[in-house]
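A short worksheet on the structure shown next.
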Amino acid sequence: MKHVILLGLAMLLAGSACTQRQGAKSNDKVVPIEQYIKGKSYDKYQVATFAGGCFWCTEAAFERIEGVVDVISGYSGGTKKYPTYYEVGDGGTGHAEAIQIYYDPEVIDYKTLLKVFFVAHDPTQLNRQGPDVGSEYRSAVYYHGEEQATQVKSYIEELERNGKFAKPIVTEVAAYSEFWVAEGYHQDYYELHPENPYVQRVSRPKVEKVKKVFADLLKMKYRK
């Protein structure tokens, strides 16, 4: 990720997540989601696709929610096939860093996932989240079908009507078209590299916020 350090010394210490990444391998490949989940028997689950800044943060936040079966980091909302991390970061592919969520509808519903999403990031920031600047960090919901489209539009109207945020919500709402699974070293990054400065200073506060607000929705292993 290309991070513009705007938050003073603390963020300077955090540094660039791009330069702090660990475990990167030259043979990591971007693959279409259909290939990635083949053989995983996910047909019985429903799907949600969100973009809310760095996918390390949003992936970790949703992994803690009961009923969420899997969260995959990747790229959505763009035009180029097989976009790489660096191409997305350069802004030329039109993609956003996104997550694909597979969830059990008997345990959690889409409306609840939307509630978590609008707490897990700031939907009023245009093409950025905190220190992360660029269209790849935009807020977006890529809906699967008209039912999801209706729910997200209705929920955004509800949030604005209730004055939940001091500024207008700028979340992009568009039909889902594709999802490219990010390079392997991005998957489960929060869990695998808790010592990373970016994880400690940027990701963890977001995850902890979700845990606090949705304490009753957490998987047992994440409850205190």
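Listing for the model above:
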item	result
Within the chain, longest stretch clear of exposed GluC sites (Glu not before Pro) (DSSP loop, no more than 13 other Cβ within 10 Å)	1-105
Other-chain or far-sequence residues with amide H under 5 Å of residue 124's (modelled H)	170
Out-of-range pairs (alpha-carbon distance over 18 Å; input 167/212; 164/219; 115/209; 164/209)	167/212; 164/219
Rounded D (µm²/s) - the range 27-222, Kirkwood Rh over Cα pairs, Stokes-Einstein at 25 °C, 0.890 mPa s	146
Burial ranking of peptide ranges 49-58, 109-118 (average Cβ count within 10 Å, highest at the top)	49-58, 109-118
Per-residue Cβ neighbour rank within 10 angstrom, fewest leading, 193, 95	193, 95
Cut-off 10 Å between beta-carbons: net charge of the residues surrounding residue 101, Lys and Arg +1, Asp and Glu -1	-3
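Throughout, read-outs are computed from the coordinates displayed, never taken from laboratory work. Quantities reported herein were computed from a predicted structural model and do not represent experimental measurements. Glycine also receives a Cβ, built like all others from the backbone with ideal geometry; neighbour counts cover every protein chain displayed.
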